[in-house]
Amino acid sequence: MNVLIVYAHPEPRSLNGALKDFAHDRLTRAGHAVQVSDLYAMNWKAVLDTQDAPGRDAAAPFNPSLESKHAFESGTQSTDIACEQDKRRWADAVILQFPLWWFSMPAILKGWIERVYAYGFGYGVGEHSDQRWGSRYGEGTLAGKRAMLVVTAGGWESHYGARGVNGPIDDILFPIQHGVLYYPGFDVLPPFVVYRTGRMDEERFAATREALGERLDTLWSAAPIAFRPQNAGAYEIPALTLRDEIAPGRTGFAAHIEQAVTAGALSGA
Ligand code: FAD
């Protein structure tokens with residue numbers, strides 16, 4: 001199988017760097033082909049702007065969505081964007097690896113998503129009508145592929161528990177797992193989260209590596225998070241709200257999951 005690791009940490013000798021090298025080695029030894037997009041090493045351009053629409057009419061207002069659509073359809077995208085899209089097509093599984101920075105991903109990775117997810121590739125796919133709201137949330141360009149987050153956090157596991165002060169980790173990661181990964185079609189595996197990184201020693205590092213190794217060994221067999229597909233009957237169209245009989249009385253992120261598999265149960269903490 002082909003695996004793409006999209007990795008966002010500025011220091012190769014960091015904990016993230018060591019875990020990324022370990023993952024590369026583990027997957028390669030298991031016979032998989034692995035590519036790494038090391039965003040800082042690539043000096044990835046993080047901002048989506050007019051340079052991403054070469055040949056555009058400079059006198060016209062810049063419309064990020066429509067210019068992205070035009071560049072994607074006409075084959076005039078920036079080379080770095082097209083190259084990362086090719087890697088996404090090549091990969092059977094994608095791992096996004098990053099330290100939790102301000103409750104989300106580092107800006108360089110957010111910029112990778114904003115630029116690589118062009119209109120027609122990451123969104124704006126499929127039939128849009130009163131009956132169908134595009135191919136997304138379970139359908140889309142990347143359907144049939146798997147994705148997983150590998151995240152490190154300074155906070156303790158309890159800080160991210162069901163009643164922890166930071167909010168539950170599943171809620172914090174929901175916009176990435178549901179909004180960024182499930183949206184274009186990925187089957188999203190439960191995340192691998194390493195908490196309390198300031199308390200890492202050799203013994204814990206070895207245990208963390210082992211736990212990550214087990215997750216990588218089951219990349220193809222583990223059950224994905226049971227997000228509800230948009231077009232399979234759970235949602236009213238075009239309102240796109242859950243039907244009354246689905247998860248009655250439940251609201252918030254968890255209502256969009258048929259059966260919760262929590263990150264805490266699968267953490268590297
Ligand atoms: P490092 O700092 O490189 O290492 C962490 C520990 O692991 C160190 O003790 C190091 O000695 C040890 N280590 C590293 N490599 C090895 C190795 N090969 N073998 C054994 N031990 C090793 N945290 C939150 O919880 N929530 C937030 O919202 C949040 N926001 C942040 C925002 C910013 C801008 C920053 C800078 C940090 C933030 N943090 C937050 C903390 C952040 O998540 C952690 O600092 C980060 O996850 C640690 O990962 P690292 O790869 O940088 O670790």
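The values are calculated or read from the model by the stated rules, or taken from the named source; none is laboratory data. What you are looking at is a predicted structure, and each value in this text was computed from that prediction instead of being measured. Neighbour counts are summed over all protein chains in view; Cβ atoms, including those assigned to glycine, are modelled from backbone coordinates with ideal geometry. Remember, those area values only see protein heavy atoms, side chains included, never the ligands or the DNA or RNA. Shrake-Rupley method; radii C 1.70, N 1.55, O 1.52, S 1.80 Å.
Amide H to amide H, with H built 1.01 Å from N, residue 40 comes under 5 Å of 9, counting only residues 5 or more places away or on other chains.
In order along region 41-46, phi translates into HN-Hα couplings of 4, 7, 6, 4, 6, 8 Hz, rounded to whole numbers, per the Karplus curve 6.51 cos²θ - 1.76 cosθ + 1.60 with θ = phi - 60° and x for Gly and Pro. Near the amide H of residue 227, within less than 5 Å, lie the amide hydrogens of 258, all on another chain or at least 5 residues away, with H placed in the peptide plane. Relative contact order of the chain: 19 percent, from C-alpha pairs under 8 Å at least 6 residues apart in sequence. In the context of the full set of protein chains, residues of the chain present 48 Å² of accessible surface per residue (probe radius 1.4 Å, heavy atoms only). For the chain, the fraction of 1.4 Å probe accessible surface lying on carbon and sulfur atoms is 53 percent. Per-residue 3J(HN,Hα) values for region 178-190, derived from phi via the Karplus relation 6.51 cos²θ - 1.76 cosθ + 1.60 with θ = phi - 60°, read 8, x, 9, 9, 6, 3, x, x, 4, 7, 9, 7, x Hz in sequence order (x marks Gly and Pro). Simple spin-label estimate for residue 42 and residue 166 gives 2.7 nm between the two label positions (7 Å along the Cα-to-Cβ direction from each Cα). The GNM of the chain, with springs linking C-alpha atoms under 10 angstrom apart, assigns the highest mean-square fluctuation among 94, 165, 34 to 165. Residues in region 139-153 carry Karplus couplings, in order, of 10, x, 4, 10, 4, x, 9, 10, 9, 8, 8, 10, 10, 10, 9 Hz; the curve used is 6.51 cos²θ - 1.76 cosθ + 1.60 with θ = phi - 60°, and Gly or Pro positions show x. Per-residue extension of 0.36 nm, minus the Cα-Cα distance of residue 158 and residue 245, leaves a gain of 28.0 nm for this segment. Here the sum of -39500 (n - 2.57) over DSSP H runs of 4 or more residues, divided by the residues of the chain, equals -8000 deg cm²/dmol at 222 nm, to the nearest 500.
Available extension along the chain between residue 217 and residue 25 is 67.9 nm, counting 0.36 nm per residue and deducting the alpha carbon span.
Spin-label pair residue 258-residue 130: with each label point 7 Å from Cα along the Cα-Cβ axis, the two points sit 3.0 nm from one another.
Loop sites here are GluC sites (Glu not before Pro) outside DSSP states H, G, I, E and B with no more than 14 other Cβ atoms within 10 Å. The longest part of the chain free of them is 1-126.
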